[in-house]
Amino acid sequence: MKIVLASKNKHKLEEISRITEKFGFELVLQSELGLDLDVEENGTTFEENSLIKAEAVMKATGLPALADDSGICVDALGGAPGIYSARYGFDESLDDWGRLQLLLKNMEAVPDGERAAKFVCVITMVTPDGKIIQARGEIHGQLLREARGENGFGYDPIFYYPPFGVTTAEMSAADKNKVSHRANALKIFNEKLKEAGYADK
């Protein structure tokens, strides 16, 4: 089954494809279909924004669409950046590294024992016949004071995962695809697909 990923992010396509290939899905970026769609993410939760993106791309392509809305939530900042992780600081001149540095700066005064954080991912699939399948995954860790690791993207270099003793940017792709927020969401998503008859039980 061909499914359109409601994203322009090739990193997300790579991560999700490695996990969804077992479902027999042919996952393609919206840009591969000639679609250049900027969806206004005006929801207040990861769930709402994921659904908004999936519905918009499904309507534009006529194909089942899969959307991922994800971000990092920091306890000491009241859950920020949260759904605004990709727009943190609301400064269009900032790239991933700039947003990471901004988060480190805003966490400078927070003691080491109070730097708990989590990555959250919500996966939503919307089909032309009106079916909606949604799943949420999380990974819990701590924020470091400096970046470590060359893998991953976004805030991965400062997100320390205690069970492995490394940041998510220091993990191999295989390890990250076992424990990441996206992997955890997709595990639940897979079970829901089976229940809906889209994947083999």
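No lab work stands behind these numbers, since they all come straight from the coordinates. Predicted, not measured: the structure shown is a model, and the values here were computed from it. Backbone-built Cβ (ideal geometry, glycine too); neighbour counts: all protein chains shown.
Just a few scattered comments:
- When each of the peptides 44-52, 65-73, 140-148 is scored by the mean number of other C-beta atoms lying within 10 Å of its residues, the order from highest to lowest reads 65-73, 44-52, 140-148.
- Against the chain, whose longest principal axis is taken from its Cα atoms, helix 181-196 shows a tilt of about 20°.
- Panel order for SER93, SER85, SER31, by other beta carbons found within 10 Å of each beta carbon, from fewest to most: SER93, SER31, SER85.
- In plain terms, the bigger the Kirkwood radius, the slower the diffusion; for the chain, with that radius from Cα pairs, at 10 °C and 1.306 mPa s, Stokes-Einstein puts D at 92 µm²/s.
- In whole percents, the pair-distance distribution calculated for the stretch 1-120 from its alpha-carbon pairs, binned every 5 Å from zero, is 2, 10, 18, 19, 18, 14, 9, 6, 3, 1, 0.
- Couplings 3J(HN,Hα) of the stretch 26-43, computed from phi: 9, 8, 10, 6, 4, 5, 5, 9, x, 9, 10, 10, 9, 8, 6, 8, 9, x Hz, in residue order, whole Hz [Karplus 6.51 cos²θ - 1.76 cosθ + 1.60, θ = phi - 60°; x for Gly and Pro].
- Mean ellipticity per residue at 222 nm, deg cm²/dmol - from DSSP H runs of n ≥ 4 across the chain, formula -39500 (n - 2.57): -9500 deg cm²/dmol
- Helix axis angle, 96-106 relative to the chain longest principal axis, alpha carbon, degrees: 40 degrees
- A simple charge model with +1 on the Cβ of Lys and Arg, -1 on the Cβ of Asp and Glu and nothing else charged puts the dipole of the chain at about 560 debye relative to its Cα centre.
- Local net charge near ALA173, Cβ-Cβ under 11 Å (Lys/Arg +1, Asp/Glu -1): 0
- Fully extending the segment from LEU104 to GLU195 would add 28.6 nm, taking 0.36 nm per residue of separation and subtracting the current Cα-Cα distance.
- The chain, relative contact order in percent, only Cα pairs under 8 angstrom and at least six apart counted: 18 percent
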